[in-house]
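Peer 1: Here you go, one structure.
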Amino acid sequence: MRTLITASFAIPALVLAFSAIGDPRPPTLYNSGDPTLTLTPGLRGATAAPKGTPAGNPDPHDLEGVWWLTGYEYLLGPEPGVPPPLKPQYLRILERRIRAKNRGTPEADASTQCLPHGMPRVMESPYPIEIVQTPGRITFLHEVAHNIRRIYLDQPHPRHVALSFLGNSVGHWEGDTLVVDTVGLNDRTFIDDEGSSHSTQEHVIERYRKIDNGASLELIMTVEDPVTLEHPYSYRRVFRWRPDVRPQEYVCEENNRNAPVNGVTVAK
Amino acid sequence: MSVASRYRHAVLSAVALTLAAAAHAAPDLTGVWQITGHMGAVKTTDGGAPPLTADAKAVYDAHRKAAAKGDYSFDGVTRCLPPGLPRLMLMHEPFEILQRDKIVYFVYQVNRLPRRAYLNEALPTDVDPHYLGYSVAHWDADTLVVESAGFDDSTLLDNAGLPHSEDMHLTERYQLSPDGKRLRLTYTVEDPKTFTKPWSAQAEYTHLTGYQIPEEVCAATPVAKRPRD
């Protein structure tokens, strides 16, 4: 990311060229026209492995390894810069949170208190995610805040699910697509970094599929919430396979001393 | 990928798998485990206390004195910091082993902490200190041997407050019982700054079947209810 920013300053013509062909919308809340609702711009950078890294494993059912999201969006709506289809009262809450952040007094969210990030936000992380596959299970080990998701395969959700930050996840394969279904989420987290609300009735469906011959992992994320959303919505993300990366110890409770720089997590 | 290289990849994978299978009929430790009994202060396999140096004994005695008054401020666990090792292996909360060909993962219920042991690699000689150190592993016949170094010296070695230095070198040897229901750990601590000689101790774990590790979040847990042994 640092390289990208430096390059952008060094070559303004390139920035203009990107502006011309890129997203024409300014990074403000879609259709608001209100400068106090300026969004934090998303990070648009590839997190491709360095040259010489082995190519991805093409086996569509082997998702094991370290994956890194390409880019980072602060608002997780159906497309970049667009909020989730929140009901009017929840859209007003989102606007309140964006204004508070723009004034420099953001409302504390779960992650600032070393609590897990919630869904779908935990999947929108600028840190790597390691997938481990064992019989009947797929496990996501997130570097960020050592979040962990256990996905139990080919079984229903328990009849009674205790609410938790990352919910109860079950999964199954539909051809070459891993489908993960998550319920039982508490309402102490936000959908996204900007602060879109969800309720305990939130229901998240993820569809993972290897693309680029195994070098990338596509995620179609679908979010349903009859309390806060007008209707379900989906968005697409792509993760890159990063066999060169080893997830590092992340200790939120001591104000994490490690951070990703140019695609590798290093001690600060 | 071309058809030829795809084929080559498949053949190589098959050969690698066959070699791996032949090289070790390693037992599968994958599953949820919980320590048997309650571990307070560790006892060495000789039945005694770990042989502390005079300086380290003064630190340990201060911890015990504070704990007797109910003051656990010396213990980072009360502030949700990782417990360190081998202590994390001696706590009551269950943990899970996910055993793969290149990495053995230990994932603890305690604050959802993960630990990775990279198989068949040498332990780096200069490791930045981390709460859970840096671990490599290999199979010695049917025993999983995990070697760790690079420990932050703010953690405690056991639930009673035993200290260690950044120079601690930990060797863990895991053996599965023939019926697969129990896991035996024998560990050896070498730390000349803290102990007058290396020492070993043991712990045993029971396999928990049908147990799904719940999400345990230290920061969401009142201080008095945070697990510390």
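The values are calculated or read from the model by the stated rules, or taken from the named source; none is laboratory data. Keep in mind that what you see is a predicted model, and the values were worked out from it rather than measured. We place every Cβ from the backbone using ideal geometry, glycine too, and count neighbours over all the protein chains shown.
Peer 1: Taking the options B:122, B:67, name whichever one is more than 12 Å from the chain's Cα centre (by Cα), of a type in the set (Gly, Ala, Ser) and closer than 27 Å to residue A:65 by Cβ.
Peer 2: Criteria check complete, one pass: B:122.
Peer 1: Could you tell me which residue of the stretch B:85-99 is nearest to the other protein chains (Cβ to nearest Cβ), considering only residues that are assigned to a loop (DSSP other than H, G, I, E, B) and in contact with a helix residue (DSSP H, G or I) (Cβ under 8 Å, 6 or more places away or on another chain)?
Peer 2: That would be B:93.
Peer 1: Let me ask another. Look through B:223, B:189 and report the one residue that is surrounded by 14 or more Cβ atoms within 10 Å (Cβ to Cβ), away from chain A (no Cβ under 11 Å), under 30 Å from residue A:255 (Cβ atoms) and in contact (Cβ under 8 Å) with a residue 40 or more places away in the chain.
Peer 2: It is B:189.
Peer 1: Scan the stretch B:193-211 residue by residue and report those that are over 17 Å from residue B:160 (Cβ atoms) and touching a residue at least 60 places away in the same chain (Cβ under 8 Å).
Peer 2: Passing the criteria: B:193, B:196, B:197, B:200, B:204, B:205, B:206, B:207, B:208, B:209, B:211.
Peer 1: Now for a separate question. If you scan the stretch A:166-180, which residues turn out to be on the phi < 0 side of the Ramachandran plot and of a type outside the set (Val, Ile, Thr)?
Peer 2: Result: A:166, A:168, A:169, A:171, A:172, A:173, A:174, A:176, A:178.
Peer 1: Report whether or not residue A:92 is out of contact with any Ser or Thr (no Cβ under 9 Å at 6 or more places or on another chain), more than 12 Å from every other protein chain (Cβ to nearest Cβ) and either in a strand (DSSP E or B) or surrounded by fewer than 19 Cβ atoms within 10 Å (Cβ to Cβ) (or both).
Peer 2: So residue A:92 passes the test.
Peer 1: Okay, next question. Part of a loop (DSSP other than H, G, I, E, B) and free of Cβ contacts under 8 Å to residues at least 12 places away in the same chain: does that describe residue B:180?
Peer 2: no
Peer 1: For residues that are crowded, with 19+ Cβ neighbours inside 10 Å and over 17 Å from residue B:133 (Cβ atoms), scanning just the stretch B:100-117, find the one that is nearest to the other protein chains (Cβ to nearest Cβ).
Peer 2: Applying the filter and picking the extreme gives B:112.
Peer 1: Mind checking which pairs have a first residue in the stretch A:222-241 that is over 25 Å from residue A:64 (Cα atoms) and among the charged types (D, E, K, R) and a second that is at pLDDT 95 or above and not in a loop (DSSP other than H, G, I, E, B), Cβ under 8 Å, 6 or more apart or different chains?
Peer 2: Final answer for the pair search is A:224/A:203; A:224/A:204; A:224/A:205; A:225/A:203; A:230/A:86.
Peer 1: Residue under question is residue A:187, and the condition is that it be assigned to a loop (DSSP other than H, G, I, E, B) and within 14 Å of another protein chain (Cβ to nearest Cβ); does it hold? Working first, answer last.
Peer 2: Numbers: assigned to a loop (DSSP other than H, G, I, E, B): yes; within 14 Å of another protein chain (Cβ to nearest Cβ): yes.
Spelling it out, residue A:187 is indeed assigned to a loop (DSSP other than H, G, I, E, B) and within 14 Å of another protein chain (Cβ to nearest Cβ).
Peer 1: Moving on. Has the stretch B:144-158 got any residue that is under 30 Å from residue A:156 (Cβ atoms) and not small (Gly, Ala, Ser)?
Peer 2: no
Peer 1: Quick check on the stretch A:155-174. Is at least one of its residues crowded, with 19+ Cβ neighbours inside 10 Å, away from chain B (no Cβ under 12 Å) and not in a strand (DSSP E or B)?
Peer 2: No, the stretch A:155-174 contains no residue that is crowded, with 19+ Cβ neighbours inside 10 Å, away from chain B (no Cβ under 12 Å) and not in a strand (DSSP E or B).
Peer 1: With respect to residue B:162, is the statement that it is assigned to a loop (DSSP other than H, G, I, E, B), away from chain A (no Cβ under 12 Å) and either over 22 Å from residue B:208 (Cβ atoms) or modelled with pLDDT under 95 (or both) true? Explain how you work it out, then say what you get.
Peer 2: On the way: assigned to a loop (DSSP other than H, G, I, E, B): yes; away from chain A (no Cβ under 12 Å): yes; either over 22 Å from residue B:208 (Cβ atoms) or modelled with pLDDT under 95 (or both): yes.
Judged against the criteria, residue B:162 is a match.
Peer 1: Here is a further query. Within the stretch A:192-209, can one find any residue that is within 10 Å of chain B (Cβ to nearest Cβ) and either in contact with a Phe, Trp or Tyr (Cβ under 9 Å, 6 or more places away or on another chain) or surrounded by fewer than 21 Cβ atoms within 10 Å (Cβ to Cβ) (or both)?
Peer 2: Checked against the condition, which is being within 10 Å of chain B (Cβ to nearest Cβ) and either in contact with a Phe, Trp or Tyr (Cβ under 9 Å, 6 or more places away or on another chain) or surrounded by fewer than 21 Cβ atoms within 10 Å (Cβ to Cβ) (or both), the stretch A:192-209 yields no hits at all.
Let's see how each residue does on (1) surrounded by fewer than 19 Cβ atoms within 10 Å (Cβ to Cβ); (2) over 19 Å from the mean Cα position of the chain (by Cα):
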site	(1), (2)
A:36	yes, yes
A:39	no, no
A:79	yes, no
A:83	no, no
A:86	no, no
A:110	no, no
A:114	no, no
A:126	yes, no
A:131	no, no
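Peer 1: Among the residues of the stretch B:131-141, is there at least one that is in a loop (DSSP other than H, G, I, E, B), at pLDDT 95 or above, away from chain A (no Cβ under 14 Å) and farther than 30 Å from residue A:140 by Cβ?
Peer 2: Within the stretch B:131-141 (the criterion being in a loop (DSSP other than H, G, I, E, B), at pLDDT 95 or above, away from chain A (no Cβ under 14 Å) and farther than 30 Å from residue A:140 by Cβ), the answer is yes, since at least one residue qualifies.
Peer 1: Return the residues of the stretch A:203-244 that are in a loop (DSSP other than H, G, I, E, B), among the basic types (Lys, Arg) and out of contact with any Ser or Thr (no Cβ under 8 Å at 6 or more places or on another chain); say none if nothing qualifies.
Peer 2: none
Peer 1: What pairs can you find where one residue is in the stretch A:119-133 and closer than 19 Å to residue B:100 by Cα and at pLDDT 95 or above, the other is of a type in the set (Ser, Thr, Tyr) and part of a strand (DSSP E or B), and their Cβ atoms are less than 8 Å apart, with a gap of 6+ or different chains?
Peer 2: A:131/A:139; A:132/A:139; A:132/B:105; A:133/A:139
Peer 1: In the stretch B:14-42, which residues are surrounded by fewer than 15 Cβ atoms within 10 Å (Cβ to Cβ) and either within 14 Å of another protein chain (Cβ to nearest Cβ) or at pLDDT 90 or above (or both)?
Peer 2: Residues satisfying the conditions are B:14, B:16, B:17, B:28, B:36.
Peer 1: Here's a follow-up. Out of A:55, A:100, which single residue is assigned to a loop (DSSP other than H, G, I, E, B) and of a type in the set (A, V, I, L, M, F, W, C)?
Peer 2: On inspection, the qualifying residue turns out to be A:55.
Peer 1: Something else about it: Within the stretch B:118-130, take every residue that is in contact with a strand residue (DSSP E or B) (Cβ under 6 Å, 6 or more places away or on another chain) and charged (D, E, K, R) and give me the one that is nearest to the other protein chains (Cβ to nearest Cβ).
Peer 2: So the residue we want is B:128.
Peer 1: Out of everything in the stretch B:108-130 that is assigned to a strand (DSSP E or B) and touching a helix residue (DSSP H, G or I) at 6+ places or on another chain (Cβ under 8 Å), what residue ends up being nearest to residue B:158 (Cα to Cα)?
Peer 2: B:108
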